[in-house]
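The values are calculated or read from the model by the stated rules, or taken from the named source; none is laboratory data. This is a predicted model, so every value here is computed, not measured. Ideal geometry is used to build each Cβ from the backbone, glycine not excepted, and the neighbour counts take in all protein chains shown.
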Amino acid sequence: MRVVVLRIGHRPERDKRITTHVGLVARAFGAEEMLLGGRDSHVEESLVDVAERWGGSFRLKSDVSWKGETVRWKEAGGKVVHLTMYGSNLPDVIDEISNCDCDLLVAVGGEKVPSEMYDLSDWNVAVGNQPHSEVAALAVFLDRLFLGRELVGQFEGGLKIVPQARGKQVLYPEYSPRNEDEEQ
């Protein structure tokens, strides 16, 4: 199953940080790519930098039409999940989504999502029915979709954190350990 995140409604003057976080969560929690409605050099540079330093093959495609991408996705046989607090509760639909054996486009919106997105989506999914962050909704959805496996995955060719109870140990691309506590 291929998972791509579509960020709808990005406002460059207001949403740089939140959209960057949508991309970071998408990458870290198993999505292959993020499609960004609009252009924002800050978001683009941040996500490219993270992918280069931390490894993996995550991609960002900017200045896309949310509607055009959604229609093309469906025409290619994929399904669309729209994360919204007005949808079906996640626990009630996650098994159906997980078992669809199809590529998924996961749409997360900003302040106002066009009503047409609700009609184009195969699933409108609520991660809780209270106002909260689209970043939180995306993280919870992807974690449920991948059953936590994304939390132990490895990204090829970048920095790696060595899990430990205390201290900080980072493996650099040449894989030589360097203890961050010793450097401070």
- Query: Can you pull out the residues in the stretch 10-29 that are of a type in the set (Gly, Ala, Ser) and surrounded by fewer than 19 Cβ atoms within 10 Å (Cβ to Cβ)?
  - Reply: ALA28
- Item | The one condition in (1) more than 27 Å from ARG149 (Cβ to Cβ); (2) assigned to a helix (DSSP H, G or I) that TRP73 fails to fulfil | (1)
- Restricting attention to the stretch 88-118, which residues are among the polar types (S, T, N, Q) and either part of a helix (DSSP H, G or I) or not assigned by TED's automatic domain parsing to the domain that holds GLY77 (or both)? SER98, SER115
- Message: Pairs please, first residue from the stretch 126-141 and of a type outside the set (A, V, I, L, M, F, W, C), second anywhere and assigned to a helix (DSSP H, G or I), Cβ atoms under 7 Å, 6+ apart in sequence or on different chains.
- Response: GLU134/VAL22
- Query: Filter the stretch 30-59 for residues that are surrounded by fewer than 19 Cβ atoms within 10 Å (Cβ to Cβ) and hydrophobic (A, V, I, L, M, F, W, C); which is nearest to the chain's Cα centre (by Cα)?
  - Reply: VAL48
- Does any residue of the stretch 42-51 turn out to be in a helix (DSSP H, G or I), under 19 Å from LEU151 (Cα atoms) and not hydrophobic (A, V, I, L, M, F, W, C)? no
- Matching residues, the stretch 21-42, being more than 28 Å from CYS102 (Cβ to Cβ) and either in contact with a Gly (Cβ under 6 Å, 6 or more places away or on another chain) or not acidic (Asp, Glu) (or both): ARG39, SER41, HIS42
